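See structure below.
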Amino acid sequence: LQTPSNDDIVTDAMYLRQILNRLNEVMPQAIEIGRLREKGFTDTAIAIEIGTPRKTFTYRIKNAMRILKSEFPEFF
């Protein structure tokens with residue numbers, strides 16, 4: 001196992017920041033959704049919590065993932 005260089009760590013942090021910023025643009029509730037998933041909430045419970053129909057919520061997640069995959073293919 002190789003230890004990453006400081007340059008690699010800084011570069012990865014920059015990419016992560018770019019990805020998170022873009023995710024926030026395409027789906028502002030993404031951070032809250034992630035927190036709720038970490039707490040074990042189901043998709044239905046998350047949809048209720050954020051006040052969005054479950055189908056709309058799941059569509060938005062899939063759409064956000066599609067956008068991120070197309071813009072950051074090396075990470076997805």
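Annotation: of all residues in the range 15-36 being over 24 Å from GLU74 (Cβ atoms) and among the charged types (D, E, K, R), the one that is least open to solvent (accessible area, probe 1.4 Å) is GLU32. Checking each residue in the range 37-57 for being surrounded by 14 or more Cβ atoms within 10 Å (Cβ to Cβ) and among the polar types (S, T, N, Q) picks out only THR52.
The values are calculated or read from the model by the stated rules, or taken from the named source; none is laboratory data. Being a predicted model, the structure only gives us computed values, none of them experimental. So basically every Cβ, Gly included, is an ideal-geometry build from the backbone, and we count neighbours across all protein chains shown. The accessibility values were calculated without ligands, DNA or RNA, using every heavy atom of the protein model including side chains. Shrake-Rupley method; radii C 1.70, N 1.55, O 1.52, S 1.80 Å.
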